[in-house]
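The values are calculated or read from the model by the stated rules, or taken from the named source; none is laboratory data. Computed from a prediction, not measured in an experiment: that's the story for all the values here. Virtual Cβ from ideal backbone geometry, glycine too; neighbours counted across all protein chains shown.
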Amino acid sequence: GENVEQHPSTLSVQEGDSAVIKCTYSDSASNYFPWYKQELGKRPQLIIDIRSNVGEKKDQRIAVTLNKTAKHFSLHITETQPEDSAVYFCAASSDQTGANNLFFGTGTRLTVIP
Amino acid sequence: GAGVSQSPSNKVTEKGKDVELRCDPISGHTALYWYRQSLGQGLEFLIYFQGNSAPDKSGLPSDRFSAERTGGSVSTLTIQRTQQEDSAVYLCASSPRARPYEQYFGPGTRLTVT
């Protein structure tokens, strides 16, 4: 089955700096890669996603890049703000099994220091 | 519109008792997932329902765990003879037929087994 690894587990950045979180996956059939943000005590929320026919996707200060050959994808947050502090989870999915399960990474706790 | 709802929000139970957790998915969503999140940990997949198909139970940790989805909507997760290691936040998510990969999470049920 799919195995998703996520690094780093914790990340501290100064406000205004950029943050990068990286994930690798094992199943070459995976074709959908979402990112979730989970603030303390709250539910995970989808913030951005990318499909395997796209190499990069941007939404304001957030961007995701995908390298299918190397089987890795990354989340980039620019001009970080204190409200970006949260745990971020990457995930990978394939529809080929028919299960549509998302396989999650172990999460990255991002702290933005004011 | 209304999001995924779960009840109860908190449940404290004694070891050995049975508990039922409820999930109301977003209206019209055909897929429903249950996850478990232990304190400070990632998301552990438990079970997946898609329409009238047989559920994918591959993530259930033991036969004490079971889940039902009646009428293709509401789901209940049942844990029999609870153990202390069952203490966690149980998250439910649903996704629409047109975009089965986009999972929307409920607020979770925090289960504490004493």
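Summary table
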read-out: Test result for B:S62, farther than 22 Å from A:E39 by Cα, without any contact (Cβ under 8 Å) to a residue 40 or more places away in the chain, loosely packed, with under 13 Cβ neighbours inside 10 Å and of a type in the set (G, A, S); value: yes
read-out: Sole residue being under 17 Å from A:T106 (Cα atoms), among the hydrophobic types (A, V, I, L, M, F, W, C), out of contact with any Ser or Thr (no Cβ under 6 Å at 6 or more places or on another chain) and at pLDDT 95 or above, chosen from A:A86, A:A63; value: A:A86
read-out: Breaking point among (1) exposed (fewer than 13 other Cβ atoms within 10 Å of the Cβ); (2) on the phi < 0 side of the Ramachandran plot; (3) touching a residue at least 12 places away in the same chain (Cβ under 8 Å); (4) more than 13 Å from chain B (Cβ to nearest Cβ), for A:G16; value: (2)
read-out: Of all residues making up the stretch B:77-95, the number that are more than 11 Å from chain A (Cβ to nearest Cβ), buried (at least 16 other Cβ atoms within 10 Å of the Cβ) and either in contact with a helix residue (DSSP H, G or I) (Cβ under 8 Å, 6 or more places away or on another chain) or under 18 Å from B:Q6 (Cα atoms) (or both); value: 7
read-out: Elements of type strands (runs of 3 or more DSSP E) in the stretch B:7-114, at least 3 residues being of a type outside the set (G, A, S), under 29 Å from A:S30 (Cβ atoms) and in contact with a strand residue (DSSP E or B) (Cβ under 7 Å, 6 or more places away or on another chain); value: B:31-37, B:44-50, B:88-95
